[in-house]
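Everything on this sheet refers to the single structure shown next.
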Amino acid sequence: MEECFITSDGAAHVPGLLNDQARMGAALLKAHGATAEAKYLERAKELGEFILARLKNPEGGYYDLAVPGSAYLSFRLTLIEQNGAAVSFSSRWPKPPATPATAMPRSGV
């Protein structure tokens, strides 16, 4: 997904704030949990990948926007409230099933 976010109309739009991306991702995960429809999980995955690829701050956390704009949006910031929304979104990801290589060893083995 190239610099876009998905809104309630299902269309991709120009870059939004991290907060927009993370909250929409969380809503999509809830929709997937309620309906089991794969399209919601796929769109949430796209948003998660966008956040990781375009908003990650190499010094820690995530920037508030992907592309600097004009006026107040000319600086990329790492804001605690928006990073909190991103952490909340990422913590809701379904856990992959354990494989023999990652499963906990039995005691006494």
Exercise. Can you tell me which residues in the stretch 25-52 are within 15 Å of the chain's Cα centre (by Cα) and acidic (Asp, Glu)?
Worked result: Glu42, Glu46, Glu49
Problem set entry | Qualifying position, being modelled with pLDDT of 90 or more and either loosely packed, with under 11 Cβ neighbours inside 10 Å or out of contact with any Gly (no Cβ under 6 Å at 6 or more places or on another chain) (or both), among Ala34, Ala44 | Ala34
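Is it the case that some residue within the stretch 3-17 is out of contact with any Leu (no Cβ under 9 Å at 6 or more places or on another chain) and either in a helix (DSSP H, G or I) or modelled with pLDDT of 90 or more (or both)? First the steps, then the outcome.
Our first condition is that a residue be out of contact with any Leu (no Cβ under 9 Å at 6 or more places or on another chain); within the stretch 3-17, this holds for 3-4, 7-14.
Those left that are additionally either in a helix (DSSP H, G or I) or modelled with pLDDT of 90 or more (or both): none.
No.
Filter the stretch 72-85 for residues that are over 12 Å from the mean Cα position of the chain (by Cα) and part of a helix (DSSP H, G or I) and give the result.
If we filter the stretch 72-85 for residues that are over 12 Å from the mean Cα position of the chain (by Cα), which is where we start, we get 72-81.
Passing the criteria: Tyr72, Leu73, Ser74, Ile80, Glu81.
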Exercise. Across the stretch 53-71, which residue is modelled with the lowest pLDDT among those that are part of a helix (DSSP H, G or I) and over 14 Å from Gly16 (Cα atoms)?
Worked result: Ala71
For this session: Select from the stretch 55-85 the residues that are touching a Phe, Trp or Tyr at 6+ places or on another chain (Cβ under 6 Å) and touching a residue at least 24 places away in the same chain (Cβ under 8 Å) and write down the one among them that is surrounded by the most Cβ atoms within 10 Å (Cβ to Cβ).
Result: Leu55
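The values are calculated or read from the model by the stated rules, or taken from the named source; none is laboratory data. What you see is a predicted model, and the numbers here were worked out from it, not measured in a lab. Every residue, glycine as well, gets a Cβ built from its backbone with ideal geometry; the counts of neighbours run over all protein chains shown.
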